[in-house]
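Structure first, then comments.
Bear in mind that the values in this text are calculations on the coordinates, not laboratory data. Note that the structure is a prediction, hence the values are computed from the model and not measured. Here the Cβ is made from the backbone with ideal geometry for all residues, glycine too, and neighbour counts use every protein chain on show.
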Amino acid sequence: MTDDRAKDRATRRDFLANTARLAGGIALASVVATQTSRATPATMAAAIKKVVGEAPLRKGKVAIDVPPLVENGNTVPLTVSVDSPMTAANHVKAIHVFNEKNPQPNVIGVHFGPRAGKAAFSTRIKLADSQKIIAVAQLSDGSFWSDEADVIVTIAACVEDLQ
Amino acid sequence: MLRTLFFTSWRGNAIFAIAMLAATLPVFATEIPLADRRSDYEFMGAQTRAMQDDDSANPGMLGVLDGEALWNRRDGAAGKSCADCHNDARSSMKGVAARYPAYSPAQGRPIDLEARINQCRTDEQKATPMKFESKELLGLTAYLALQSRGMPIDVAADARTQPFIAAGREIFNRRQGQINMSCAQCHDDNWGQKLAGAPVPQGHPNGYPVYRLEWQSLGSLQRRLRNCMSGMRAEPYAYGAIENVDLELYLMWRARGLKMEAPAVRP
Amino acid sequence: MTARALINVPAKARRGEIIEIKTLIAHPMETGFRVGLNGALIPRDIITTFRCTYNGEEIFRAEFSPAIAANPFLTFFTVATATGTIAFQWEGDDGFSAAESAPITVE
């Protein structure tokens, strides 16, 4: 009797584990369809290089504010701010945000004018998986500064059929 | 014996653990004591709550704007708008969404707000009914539900509606689907615990129609119930099915007194 | 085609005050990476650029990618310099174009 019960549990265990994995797969499929074309740390680095060129990328001045654990990867609140007086002599010209595991590495690029007041913005982004995001700020003196954040993306436990 | 069972996926572990726990529970789970009931809002993260709290950041408000335009739009063979009969929704529709599903003498049973809107469209405007989950119907229900924001849910529980509340309660407590679990086992008995990293809410409908992050759009309570049932690996009821409406009525009765929050934001 | 948009600009501000502007516009932001029910890729349909001008002068600009969530929400800051109009322009795939504006009184 104990053997049969153990066997039943084994098959039910496999079924549930597979169901759970399938649930994860279906949810991810609604955000990222093709496994073949995905950003990687290498493509993210290439996208950053397009902005930064040969200049050194220093850590600092930039602050990413993103929840460390997000409830749904479809809508992730993101705020990026840069410590800067925003004067004509010393200001932030642009902030570019990149990701490493979505199908493509860019997230957003924002450009500030002389009347910005504050070098900061907020938006909502899509993250296909738990991953790193990097924000690069381009300053008026030609220097580049960055910050990075690791985000864990969970999915809703009950997954909708595509119908 | 249970100690030796192991999964590679911790999510599978969680679902299995709950299923095993659920297997030992009686079929009619205990209802949450009235004083312990909390809106699903309280189980969300701070950022999602902030999205709901700010009307200029809540994407559901875009639907409300659509609904406001539709309220004033003349339509159908009768060439009437909602406003032509009901005037300013801010006064005439105050408290209405908090009372739905409500008994319809014409149908001999309770109907939900979507069905009531469509009844007006066909009977009064002589227009075609709006489809479930269409931008129009969602916008109008969001606009109407907004007029009840902050008011306590107050569906009638009288001789006419009691049989339907009971029918909805039976569905809520019935084991279904491949996992053979009932709604109650998670939402009455295990609310507040985590399933696959996310807290299990009590499952109250006080925010509908909701902007669900998973959908990236507004959606009705029936859509959410259908999601729940597919998630439980059970066959969902069709849009407009009386089982869905009975469930909606039971859920609203179960949430009686909780404040309306529509259009809410949910993960 | 006019898409629904919600703008939040303070009606009044003091000269030199830094104000926050919030924008929210209805748009599906279809990434182009999702597979539809028939097995084919759903074509990309996103907003690509956003521009804000204050009395005609550009004060903020953004380039969106498919990684921006549906119904794009964007907040930023500007210095209140003069009474006038703050104008917003979104452009995107398939000729998408939307414009909004809000008045501001600066004392």
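Let me check I've understood the local charge: for A:V92, count other residues with C-beta under 12 angstrom from its C-beta, Lys and Arg +1, Asp and Glu -1. What total comes out? Net charge around A:V92: +1.
Across the stretch C:6-14, coupling constants 3J(HN,Hα) worked out from phi with the 6.51/-1.76/1.60 Karplus curve, θ = phi - 60°, read 10, 10, 10, 10, x, 5, 10, 8, 8 Hz, and Gly and Pro carry x.
Placing dummy labels 7 Å off each Cα toward the beta-carbon, the span from B:T128 to B:R256 is 4.0 nm. Starting from the Cα gyration tensor of the stretch C:5-106, take the square roots of the eigenvalues, sort them a ≥ b ≥ c, and report rounded, prolate or oblate (rounded when a/c is under 1.5, otherwise prolate if a/b is larger than b/c, else oblate). Prolate shape, in that a/c is at least 1.5 and a/b is the bigger ratio. For the pair the stretch C:31-81 / the stretch B:221-267, the C-alpha centres are spaced 33 Å from each other.
What does a probe at B:A159 reach in the stretch B:225-267, counting residues whose amide N is under 12 Å from the point 7 Å along Cα→Cβ? Of the residues in the stretch B:225-267, none has backbone N under 12 Å from the label point off B:A159.
Go ahead and run the numbers for FRET between B:A78 and B:Y239, Cβ-Cβ distance against an R0 of 41 Å, rounding to 0.05.
On the way: r = 26 Å, r/R0 = 0.63.
Given R0 = 41 Å and the Cβ-Cβ separation, E is 0.95.
Among B:E248, B:E136, B:E31, determine the one that fluctuates most according to a GNM of chain B built with springs between C-alpha atoms less than 10 Å apart. Result for chain B, Cα springs under 10 Å: B:E31 fluctuates most. Distance from the Cα centroid of the stretch C:1-27 to that of the stretch B:81-121 is 34 Å (rounded to whole angstrom).
Using a 10 Å cut-off on Cβ to Cβ distances, tally the other chain neighbours for every residue of A:61-69 and report the average as a whole number. Each step should come with its number before you reach the end.
Details: counts 0, 0, 0, 0, 1, 1, 4, 0, 3.
Counting Cβ atoms of other protein chains within 10 Å of each residue's Cβ and averaging gives 1.
Look at the stretch B:213-226: the mean tally of other chain Cβ atoms within 10 Å of its residues' Cβ atoms is 4.
Overall, the anisotropy analysis places the stretch A:42-163 in the prolate class: the square-rooted eigenvalues a ≥ b ≥ c of its C-alpha gyration tensor yield a/c not less than 1.5, with a/b exceeding b/c.
Karplus-derived 3J(HN,Hα) values for the stretch B:173-180, using 6.51 cos²θ - 1.76 cosθ + 1.60 with θ = phi - 60°, are 9, 7, 5, 9, x, 5, 7, 6 Hz; glycine and proline are entered as x. Taking a ≥ b ≥ c as the square roots of the eigenvalues of the Cα gyration tensor, an a/c ratio of 1.5 or more together with a/b no larger than b/c marks the protein assembly as shown as oblate. Here the spin labels are modelled as points 7 Å beyond Cα on the Cα-Cβ line, and at C:E57 and B:M151 they lie 4.9 nm apart. In this simple spin-label approximation, A:K49 and B:A50 carry label points 7 Å from Cα along the Cα→Cβ vector, and these lie 3.6 nm apart.
Ranking C:I104, C:W90, B:C85 by how far each Cα lies toward the positive end of the dipole of the protein assembly as shown (charges on Cβ) leaves C:W90 at the top.
For peptide C:22-35, how many partner chain Cβ atoms fall within 10 Å of a residue's Cβ, on average?
Numbers: counts 4, 3, 9, 2, 7, 1, 2, 4, 1, 8, 3, 11, 7, 6.
Averaged over the peptide's residues, the number is 5.
Of the residues B:I153, B:I165, B:I32, which exhibits the maximal mean-square fluctuation in a Gaussian network model of chain B defined by a 10 Å Cα contact cut-off? Among B:I153, B:I165, B:I32, the largest mean-square fluctuation in the Gaussian network model of chain B belongs to B:I32. Net charge in the neighbourhood of C:I46 (other residues with Cβ under 15 Å of its Cβ; Lys, Arg +1, Asp, Glu -1) is -2. For A:K49, the lysines whose Cα comes closer than 20 Å to its Cα, not counting residues fewer than 8 places off in the same chain, are A:K59, A:K61, A:K93, A:K101, A:K132.
For B:V245, the shell of other residues with beta-carbons less than 10 Å away shows a net charge of -4, using +1 for Lys and Arg and -1 for Asp and Glu. Note on chain B: with a GNM built from Cα contacts shorter than 10 Å, the maximum mean-square fluctuation among B:P33, B:P59, B:P236 falls on B:P33.
Residues of the stretch C:60-99 with an amide N closer than 17 Å to a point placed 7 Å from the Cα of C:R14 along the Cα-to-Cβ direction: C:78-83.
Across the options B:V210, A:I152, A:A63, the greatest Cα extent toward the positive end of the charge dipole of the protein assembly as shown (unit charges at beta carbon of Lys, Arg, Asp, Glu) belongs to A:I152.
Relative contact order (percent) for the stretch A:37-153, with alpha-carbon contacts under 8 angstrom and 6 or more residues of separation? Don't skip to the end; give the middle numbers.
Numbers: 271 pairs, mean separation 41.2, N = 117.
Dividing the mean separation by the residue count of the stretch A:37-153 yields 35 percent.
When only the Cβ of Lys, Arg, Asp and Glu is charged (+1, +1, -1, -1), the dipole of chain B relative to its Cα centre reaches about 360 debye.
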